[in-house]
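Read the figures in this text as sums done on the coordinates, not as results from a lab. Predicted, not measured: the structure shown is a model, and the values here were computed from it. When we count neighbours, we look across all protein chains shown, and the Cβ atoms used for this are built from the backbone with ideal geometry, even at glycine.
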Amino acid sequence: MNAARVCVLALVAACANPRIVMPASRGAKIGTIELGWSNVHVVYGERPLVVDSGVRGDLREIADKLGDLGVALRDVRCAVITHGHADHAGTARAMQALGIKIIMGAGDLARTQRGEHGAHHATSVFAWLLHFLLPEHYTPFTADVLVTDRYDLAPCGIAGEVISTPGHTAGSVVVIVGGGKIAIVGDLIRGGRLGGFVDKTQPRVHFYQDDKAAAHAEIRKLLARGVEWFVLGHGGPSTRAEVADEFGR
Ligand SMILES: [Zn+2]
């Protein structure tokens, strides 16, 4: 096989959707589904764990693409919703109705019970303009587990934990797997340049942060605890070195 063909195949693999973004050799196997507005991830374990849930109406696409990744939605015991924004919590109630246990941060309880995205605190002019296009509402729900500090995922069939990381929203959480080396961070960081359309693994300041200083302090805490890979809610994944270059050590 010539070099050009290898290059094209590598490009196709990088753009494939859904795709495996973390091989098991890194400590945890993770698949990512790129939906219209955000990513949904699946962590493979004794039982598959879903992280985030797209916007309202995305459940069919999530189920289909989980199937492409070899995962049946009926086998999922738990889903972690990284925060209560409409592009991450959109199908949480629909998953809950299927018997999936919903885990999220206690700080976002009020907004999920209203089913409202809430205020946008834009970090750039582009982000401020973009917010007029964003989904605002989703089916309200009350999570089965409300995390205030940390939650061990063993009952979900996963070796890992959920930790509270307030900043993007008050109730934002991060999933830690792979023996502490992999963090699934929701919107703590976004990936990509030029509005996220190119160079999708490049970590950048997220478009919206309720408390930007707090969010960036949480990123540095993840670096300090030894996280090597950052799996993002939009774009990604990013390496430790890329994140440290963008946000400091
Ligand atoms: Zn968000």
Just tell me the longest site-free run in the chain, where the sites are GluC sites (Glu not before Pro) in a DSSP loop having at most 14 other beta-carbon atoms within 10 Å.
-> 137-249
Summed over the other residues with a beta carbon less than 14 angstrom from that of Ala24, with K and R at +1 and D and E at -1, the charge totals +2
Where does segment 20-247 land on Rg(C-alpha)/(2.2 N^0.38 Å)?
-> 0.90
Given backbone amide H placed at 1.01 Å from N, residues whose amide H is under 5 Å from that of Lys101, ignoring those fewer than 5 places away on the same chain, are Cys78, Ala79
Residue-wise HN-Hα coupling along segment 175-189, computed from phi with Karplus coefficients 6.51, -1.76, 1.60 (Hz; x: Gly, Pro) = 9, 10, 9, x, x, x, 8, 10, 10, 9, 10, x, 9, 4, 9
Neighbour net charge for Ser38 - beta-carbon separation under 15 angstrom, K R +1, D E -1 = -3
Bridge orientation stat for segment 20-247 from DSSP, antiparallel percent rounded to 5, came to 70
May I ask you to list the aspartates and glutamates whose Cα is less than 16 Å away from that of Lys101, ignoring any residue fewer than eight positions away on the same chain?
-> Glu46, Asp52, Asp75, Asp144, Asp152, Glu161
Can you give me the pair-distance distribution of segment 94-196, C-alpha pairs, 5 Å bins, whole percents?
-> 2, 11, 17, 21, 20, 14, 10, 3, 0
